[in-house]
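First the structure, in the form of structure tokens, and then the observations on it.
The values are calculated or read from the model by the stated rules, or taken from the named source; none is laboratory data. In this text, all values refer to a predicted model and were calculated from it rather than measured experimentally. Here Cβ is always computed from backbone atoms with ideal geometry, including for glycine, and neighbour counts include all displayed protein chains.
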């Protein structure tokens, strides 16, 4: 009987020592080492890939933002502020209850198939809006010029980037709305166009938040 109690106490003590040691290693030392390495070598990524303007964080380079006019009383859906470059459609072209216009509760796409009547209707309406909104007195957007990312949301619904083609067709509208020359705005787009990662991964892209911050700075100087 005494031997059984002794063995049980010895096993209990060994278990407690193992628990304390593993807690120290995995719960304290390992997180400290990983955090230290991350902050030392990848500080920007470790802190959420923040984008800063005027001395404060205004967003993340990994998450898109909406540029809409303040909602009016009784207005059901927001209206884009056409002074700014617009990103991809959010929340599944207005019909995805999972992610509601970059409110980061969850993320997700529409999950509609290519032959879905709803998807065809949304894309058709979105293309018409892109043509209408971006056509000016001196520049006419052709429906054939509208790229896919201008009328479809990304898989997550949070994509912060647009294609250079979508940015280009917004240049004339942004220039007109802000009293800038087309060359000035086009230069901003060119300066903020990033090529494929490592030269072969992904597609060329333009971060909308970074582009709009540069546009804001240009307007301040003007």
Subject >> Count of residues meeting criterion [touching a helix residue (DSSP H, G or I) at 6+ places or on another chain (Cβ under 8 Å) and either in a loop (DSSP other than H, G, I, E, B) or more than 19 Å from residue 208 (Cα to Cα) (or both)] in the stretch 160-180 >> reply: 3
Original post:
Which number in (1) closer than 26 Å to residue 133 by Cβ; (2) at pLDDT 85 or above; (3) outside any loop (DSSP other than H, G, I, E, B) marks the one condition that residue 87 misses?
Top reply: (3)
**OP:** Working only within the stretch 67-82, note down all residues that are surrounded by 12 or more Cβ atoms within 10 Å (Cβ to Cβ) and either at positive phi or touching a residue at least 40 places away in the same chain (Cβ under 8 Å) (or both).
**Re:** 67, 80, 82
